[in-house]
1. Test each condition in (1) among the small types (Gly, Ala, Ser); (2) surrounded by 10 or more Cβ atoms within 10 Å (Cβ to Cβ); (3) modelled with pLDDT of 70 or more for Ala77 and report the one that comes out false.
2. Could you list all residues from segment 91-104 that are without any contact (Cβ under 8 Å) to a residue 12 or more places away in the chain and within 18 Å of the chain's Cα centre (by Cα)?
3. Looking for something modelled with pLDDT under 80, out of contact with any Phe, Trp or Tyr (no Cβ under 8 Å at 6 or more places or on another chain) and surrounded by 10 or more Cβ atoms within 10 Å (Cβ to Cβ) - is there at least one such residue anywhere in segment 16-36?
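The values are calculated or read from the model by the stated rules, or taken from the named source; none is laboratory data. Being a predicted model, the structure only gives us computed values, none of them experimental. For neighbour counting, all protein chains shown are included, and Cβ atoms are generated from backbone atoms with ideal geometry for every residue, glycine included.
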Amino acid sequence: MPPSNIFDLFQGIAILALAGVLIHLWLTVNRLHRTVRRLQDEVESPPIPPPAPRVPAPAPSPAPAPAPAIVKAPEPAAFDEGVLTAIAAAVAMVVRQPHRIVAIQPDAAAQRAWSAEGRRELYHSHRVR
């Protein structure tokens, strides 16, 4: 049965074109999903090799006894053990070779941001009289 007018023909073509685009998008997303899943299955973290055995340092020659020094009390740790463990695990995943973390320092800018936020809340909590 032929269409009654030209607008019905254009409407039918538009619906078919839209269906084609939707099918194409569905197939593309499905293919992308399968590719990502396959890549995730292929990626396995290689085992981290054990650290190299430490060679004992040669014994230093005896030096004269130094004068007694003033011993400072150790500073309290800025991070708890869980944070240090998470940082060490993140470094191990990125570096993927034997490494040694020498120092971890808190970000000074982050500390300033918290104090600035506290001041902002304090200023906004007061009413102007």
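1. Checking Ala77 against (1) among the small types (Gly, Ala, Ser); (2) surrounded by 10 or more Cβ atoms within 10 Å (Cβ to Cβ); (3) modelled with pLDDT of 70 or more, the one that fails is (3).
2. Val91, Val94, Val95 - these are the residues of segment 91-104 that are without any contact (Cβ under 8 Å) to a residue 12 or more places away in the chain and within 18 Å of the chain's Cα centre (by Cα).
3. No, there is no match, as no residue in segment 16-36 is modelled with pLDDT under 80, out of contact with any Phe, Trp or Tyr (no Cβ under 8 Å at 6 or more places or on another chain) and surrounded by 10 or more Cβ atoms within 10 Å (Cβ to Cβ).
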